[in-house]
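One structure is given below, encoded as structure tokens.
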Amino acid sequence: MRALLQRVSAASVTVAGEVVGEIGPGLLIFVCAMPGDETATARALAAKVAKLRLFKDEAGKMNLSLPQVGGAALVVSQFTLAADTRRGTRPGFSYAAPPELAERLYEDFAEALRGLDLPVETGRFGADMAVALTNDGPVTIWLDTEV
């Protein structure tokens with residue numbers, strides 16, 4: 001799986017004029033399932049995200065994790081993280097998992113974060129979403145898993 005994390009002071013997802021997910025301080029997490037990923041991959045990625053020390057401690061150093069600061073997660077599916085731009089000018093998306101698998105793994109990832117006692121909001125899989133965020137830092141981290 002692939003994930004793009006952004007430390008935010010606030011973020012929301014709107015679909016057809018309706019806010020479907022919204023958080024205050026925490027992480028906006030864009031996730032993309034890849035062929036060969038499975039539930040164990042989603043769980044491992046969630047555990048890694050929860051442990052990453054991306055938040056400032058009292059000395060101003062990035063030394064605290066999402067649970068340590070009481071932050072929330074907004075999880076948004078984004079197949080475009082699998083873009084292949086090596087040839088031409090139009091990205092290819094053959095490295096993204098098929099929609100049925102991608103949706104299940106997206107849900108597995110969000111559920112794994114909830115299982116770690118984190119507040120989790122989500123976007124809507126496959127929808128045309130408007131994502132609003134205030135990046136804090138800015139802090140943006142790219143993660144790839146290996147099966």
Problem - Given (1) surrounded by 16 or more Cβ atoms within 10 Å (Cβ to Cβ); (2) within 14 Å of the chain's Cα centre (by Cα); (3) not polar (S, T, N, Q), number of the condition PRO25 does not satisfy - result: (2)
Exercise for the section: Being aromatic (Phe, Trp, Tyr) and in contact (Cβ under 8 Å) with a residue 40 or more places away in the chain is the filter here, so list the residues in the range 90-143 that pass it. Expected result: TYR95, TYR106, PHE109, PHE125, TRP142
Practice task
For the range 9-66, enumerate the residues that are part of a loop (DSSP other than H, G, I, E, B) and small (Gly, Ala, Ser).
Solution key: ALA16, GLY17, GLY24, ALA33, GLY36, ALA59, GLY60, SER65
Exercise for the section: Any chance you could count how many residues in the range 68-87 are touching a helix residue (DSSP H, G or I) at 6+ places or on another chain (Cβ under 6 Å) and not hydroxyl-bearing (Ser, Thr, Tyr)? Expected result: 2
Fill in the blank from the handout: Residue set ALA83, ALA16, ALA42; condition under 18 Å from PHE125 (Cα atoms) and open to solvent by less than 10 Å² (accessible area, probe 1.4 Å); output residue ALA42
Handout entry: Checklist (1) in contact with a Pro (Cβ under 6 Å, 6 or more places away or on another chain); (2) within 20 Å of ASN135 (Cα to Cα); (3) open to solvent by 30 Å² or more (accessible area, probe 1.4 Å) applied to ALA72, failing item
Key = (3)
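Table: residues versus (1) open to solvent by 60 Å² or more (accessible area, probe 1.4 Å); (2) of a type in the set (Val, Ile, Thr); (3) modelled with pLDDT of 95 or more.
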| residue | (1), (2), (3) |
| --- | --- |
| PHE93 | yes, no, no |
| ALA110 | no, no, yes |
| ASP117 | yes, no, yes |
| ASN135 | no, no, yes |
| ILE141 | no, yes, yes |
Fill in the blank from the handout: Taking the range 7-33 and keeping only residues that are among the aliphatic types (A, V, I, L, M) and in contact with a Leu (Cβ under 9 Å, 6 or more places away or on another chain), one is left with VAL8, ALA10, ALA11, VAL13, ILE23, LEU27, LEU28, ILE29, VAL31, ALA33
Handout entry: Where a residue in the range 59-77 is free of Cβ contacts under 8 Å to residues at least 40 places away in the same chain and its partner, wherever it lies, is acidic (Asp, Glu) and open to solvent by less than 60 Å² (accessible area, probe 1.4 Å), with Cβ under 7 Å and at least six apart
Key = ASN63/ASP57; LEU64/ASP57
Handout entry: Scope the range 95-108; condition open to solvent by 70 Å² or more (accessible area, probe 1.4 Å) and part of a loop (DSSP other than H, G, I, E, B); matching residues
Key = TYR95
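The values are calculated or read from the model by the stated rules, or taken from the named source; none is laboratory data. The structure displayed is predicted, hence computed values, not measured ones. FYI the Cβ positions are ideal-geometry reconstructions off the backbone, even for glycines, and counts take in every protein chain you see. When the accessible area is computed, the model is the full protein with side chains, heavy atoms only, and any ligands, DNA or RNA have been set aside. Shrake-Rupley method; radii C 1.70, N 1.55, O 1.52, S 1.80 Å.
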